[in-house]
């Protein structure tokens, strides 16, 4: 068994060595399969940790080519606080699907144009957490100024189906436990997805009528996934702004849409307001993301997609200014340090 174990270790090492990388970006997988581009850039929820982990699963468990693009400093180390930075935007030219975890980005004209061109090609999107308010501060003369979250909801409202509204649960205090929407429980994206726990709170969200709600988020009284549900009453920030028991009904936390775009193509969209790196420690949420990529590409979704992490994943707790400094994108894809 010793030679076999050594061979396995060698092969796994070679797979990792095949990863190309550069300032703020890293890629995994090879061959002619679909190219999944994962875009990270948020100051709080540690997308720089979560997306390389997801990319390795998609590449090494499902055969995709994956490229992770992050915000970075001049020396090439990752810095999610640089909202004007996106590494290697040329990778978007060959994207077949996008996974995004963004917040208040203000990329330059080249990066915005390449992202928009991918959308206009009709690529599918899987959008996590703060991607509902992905863009802010794009100049008003830019063709992509409509992306800004405070421009009638921007990219979030028009493409994903919601923009930023409010924290519905008590941020950092009340966790989330998902339950499937009964009417859509048979949707392919939910195959093998059980109740998921996240320590990020439920967002207030009102997806449009064309969205199919897949999961709702039950607000817990604390951070124990087996603990009691919150029974408080809260006022809504939308509509009549009346009060309701916080879990009656529970807010949507994952939905799908098929959105026509200006080029005449249609983007398949999975949006979830969960997606902190700590949330993605739950295999049920990882499976939701993988299933969303497969569904978006029109591929068969298995009964239980393999979402085992490739290397140990020990995500940092969400926090502003809480990122691990001095690391490259490739280092974020390695075992936790």
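So the values come out like this:
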read-out	value
Positions within region 194-203 being within 17 Å of the chain's Cα centre (by Cα) and not in a strand (DSSP E or B), in sequence order	196, 199, 200, 201, 202
Residue list for region 204-222, filter: out of contact with any helix residue (DSSP H, G or I) (no Cβ under 7 Å at 6 or more places or on another chain) and either part of a strand (DSSP E or B) or surrounded by 14 or more Cβ atoms within 10 Å (Cβ to Cβ) (or both)	204, 205, 206, 207, 211, 215, 216, 217, 218, 219, 220, 221
Given (1) crowded, with 22+ Cβ neighbours inside 10 Å; (2) in contact with a helix residue (DSSP H, G or I) (Cβ under 7 Å, 6 or more places away or on another chain); (3) without any contact (Cβ under 8 Å) to a residue 60 or more places away in the chain, number of the condition residue 160 does not satisfy	(3)
Subset of region 280-337 [assigned to a helix (DSSP H, G or I), under 26 Å from residue 171 (Cβ atoms) and free of Cβ contacts under 8 Å to residues at least 40 places away in the same chain]	281, 283
Subset of region 105-147 that is on the phi > 0 side of the Ramachandran plot and touching a residue at least 60 places away in the same chain (Cβ under 8 Å) - its residue that is surrounded by the most Cβ atoms within 10 Å (Cβ to Cβ)	129
Answer residue from region 52-77, given it is touching a helix residue (DSSP H, G or I) at 6+ places or on another chain (Cβ under 8 Å) and in a helix (DSSP H, G or I) and is modelled with the lowest pLDDT among those	60
Scope region 215-235; condition closer than 30 Å to residue 266 by Cβ and touching a residue at least 60 places away in the same chain (Cβ under 8 Å); matching residues	215
Positions within region 150-164 being within 18 Å of the chain's Cα centre (by Cα) and farther than 16 Å from residue 125 by Cβ, in sequence order	164
Selected residue (criterion: surrounded by the most Cβ atoms within 10 Å (Cβ to Cβ)) from residues of region 262-294 that are out of contact with any strand residue (DSSP E or B) (no Cβ under 6 Å at 6 or more places or on another chain) and within 23 Å of residue 117 (Cα to Cα)	294
Filter result (part of a strand (DSSP E or B) and either at pLDDT below 95 or under 16 Å from residue 73 (Cβ atoms) (or both)) within region 33-48	40, 41
Any pair with Cβ under 8 angstrom, 6 or more apart, that starts in region 64-88 at a residue that is on the phi > 0 side of the Ramachandran plot and ends at one that is in a loop (DSSP other than H, G, I, E, B) and surrounded by fewer than 17 Cβ atoms within 10 Å (Cβ to Cβ)	none
Selected residue (criterion: farthest from residue 223 (Cα to Cα)) from residues of region 236-261 that are surrounded by 21 or more Cβ atoms within 10 Å (Cβ to Cβ) and under 20 Å from the mean Cα position of the chain (by Cα)	256
Number of the condition not met by residue 302 [criteria: (1) under 26 Å from residue 88 (Cα atoms); (2) surrounded by 15 or more Cβ atoms within 10 Å (Cβ to Cβ)]	(1)
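The values are calculated or read from the model by the stated rules, or taken from the named source; none is laboratory data. Computed from a prediction, not measured in an experiment: that's the story for all the values here. So basically every Cβ, Gly included, is an ideal-geometry build from the backbone, and we count neighbours across all protein chains shown.
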